[in-house]
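Where a number appears in this text, it was derived from the coordinates with a stated rule and is not lab data. Please read all numbers here as calculations on a predicted model, not as lab measurements. Cβ placement follows ideal geometry from the backbone for every residue including glycine, while neighbour counts extend to all protein chains displayed.
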Amino acid sequence: MVIKNLFKVLKGIWIFLLLVIFTVLILSYSQTVIYDFPPPKPFAGSHWYSPYEDLPADRFRINLHGHSRAWGGLTNGADTPEALQRAYADSGYTVAGLSNYHKISPPTPGLDLVDIPLYEHGYNVFKSHRLAIDAHDVSWFDYPLFQWTSHRQHLIDDVKKTASLVCVNHPKVRNGHPKSDLRLLTGYDLMEVRTAYGWFAEWWDTALSAGRPVFLLVNDDTHLVARQSFWAWTVVYGKSRDKAGILDGLSSGAAIGVSCEKWARCDVYLDSLTVKGDRLQAFFSDTLEHIQVTGQDGRQLTESFNTDRIAYTLQDNDPYARVSGSRAGQVIWLNPVIRYNGQDLKEQYNMSAQRNNLLTFLVRIAVVVLSLALFWWILILLGVKRARIFKKKE
Ligand SMILES: [Zn+2]
């Protein structure tokens, strides 16, 4: 009797899960858009785009990825929004972004912070997440189960409709944005290079090597201030201490990323980075143990030790070059210098993925057919079909 009841319960759970999958398939995946992607193509041009020319004197430390208590405690975040923002303001930050899932939080009154409305997008099982920066509305659409490259492109495009900048978050986590995708995806602006959940410079190099002009963002991705805060941040060299100044710094690449162990001082900054002719030179405010220049496909181009500077002669076959450095407990990432035509970087590499109408239609038909087949199977499991058939025979 007990076993029979157990089977009944298990069957109930199984049917419920199938019903959920059916609903998800119909509601989300029937809206699938299939894209033709511009092929990966290394940056090219006789000029160098250098994001650190004429650096403004003011630098602003920002964190755009922090989760507070939200949605009645359903999501992972322990502090109140006010406590989180106050802690960052007290630690000298200019922006303390509240990136709760699908929720744009209002700024905490009375704090000397620049407010940038944002939210983290994505409730899918593989943690394919995006940060919607300077968002004026929330995009609720997601593909909650599996995602193809086209699904991820669709989501980027959808989020971008209501946000000034889109950042691909923690790409390695649960393979949320595989390297094979980052060679194709377009239309986003920034990528997280370091958070509490990993190091992602390799994924960044994949996008850069494919000719996608993506700049860095480094964030705590804190879910609890006491444990995960103040050790990974972005410094923006901004023309003004306001939203426009910060956004301009991020999108033009006038920013550096810093990762810092709790015990370290982490007070080394970039003084200057210039490209004169083909000569790249970077100067830091203090000695670093190791500095390196990284290029196409993540190859190391040169390195220096125990110095505050590095120089490298850019070669004809270098589409981009980026500098990073480290010393006890601190790592610094700089944005790349990029080959271009000398006019407008974003314009030149503005290659949007094109919707493939035929494939989109065929996939949508397949989704509907598959969903109906699943629904049919659920009916059989429920015993509805069997009862009907027997009735006919009688
Ligand atoms: Zn996330």
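When MET191, MET351 are ordered from fewest to most other Cβ atoms inside 10 Å of their Cβ, what list results? Walk me through the numbers before you get to the answer.
Details: MET191 26, MET351 14.
Ordered by Cβ neighbours within 10 Å, fewest first: MET351, MET191.
Can you give the charge dipole size of the chain about its Cα centre, rounded to the nearest 20 debye, using +1 on the beta carbon of Lys and Arg and -1 on the beta carbon of Asp and Glu? If you can, show how the numbers build up before the last one.
Working: 42 positive and 38 negative charges, 543 e Å.
Dipole size: approximately 2600 debye.
Quick one: longest stretch of the chain between exposed loop chymotrypsin sites (Phe, Trp or Tyr not before Pro), exposed meaning at most 11 other C-beta atoms within 10 Å and loop per DSSP? Let's see the in-between values first.
Values: sites that count: TRP140, PHE146, TRP263.
By the stated rule (loop sites, at most 11 other Cβ atoms within 10 Å), 1-139.
Which of HIS223, HIS136, HIS154 moves most in a GNM of the chain, Cα contacts under 10 Å?
Judging by the Gaussian network model, the answer is HIS136.
Set the Förster distance to 25 Å, then compute FRET efficiency between SER285 and THR313 from the Cβ-Cβ distance, nearest 0.05.
Numbers: r = 24 Å, r/R0 = 0.97.
Here the calculated transfer efficiency is 0.55.
Which residues among the stretch 177-194 fall inside the zone where the amide N is under 13 Å from a point 7 Å beyond the Cα of LEU359, along Cα→Cβ?
Only 184-185 pass the distance filter.
Using DSSP to define loop residues, name the trypsin sites (Lys or Arg not before Pro) in the stretch 54-162 whose beta-carbon has at most 14 other beta-carbon atoms within 10 Å.
The qualifying sites are LYS161.
Using a cut-off of under 17 Å, list every residue of the stretch 353-382 whose amide N is near the label point 7 Å from the Cα of PHE141 along the Cα-to-beta-carbon line.
Residues 353-365, 367-368 fall inside that zone.
Say the cut-off is 19 Å between C-alpha atoms; which of LYS161/LYS346; LYS103/LYS160; LYS172/LYS262 go over it? Before the final figure, lay out the partial values.
Values: LYS161/LYS346 17 Å; LYS103/LYS160 16 Å; LYS172/LYS262 24 Å.
Result: LYS172/LYS262 exceed 19 Å.
How do THR234, THR360 line up, fewest other C-beta atoms within 10 Å first?
Values: THR234 28, THR360 17.
If I rank by nearby Cβ atoms, fewest first, I get THR360, THR234.
Rounded to the nearest 0.05, what FRET efficiency do ARG265 and LEU224 have when you use their Cβ-Cβ distance and R0 = 25 Å? Spell out each step's value before the answer.
Working: r = 24 Å, r/R0 = 0.96.
Efficiency at R0 = 25 Å is approximately 0.55.
Just the number, please: Stokes-Einstein D of the chain in µm²/s, Kirkwood Rh from C-alpha pairs, 37 °C, 0.692 mPa s. Walk me through the numbers before you get to the answer.
Values: Rh = 22.9 Å.
Using the Kirkwood radius from Cα pairs, D works out to 143 µm²/s.
Measuring from centroid to centroid over Cα atoms, what is the spacing of the stretch 311-358 and the stretch 221-248 in Å?
Cα centres, the stretch 311-358 to the stretch 221-248: 22 Å.
Helix by helix, which DSSP H runs in the chain go 20 Å or more along their axis at the Cα atoms and have an average Kyte-Doolittle hydropathy of -0.5 or more? Kindly include the intermediate steps, with their values, before the conclusion.
Details: long enough: 2-27 (38 Å, 2.20); 357-382 (37 Å, 2.40).
Span-like helices, by this rule, are 2-27, 357-382.
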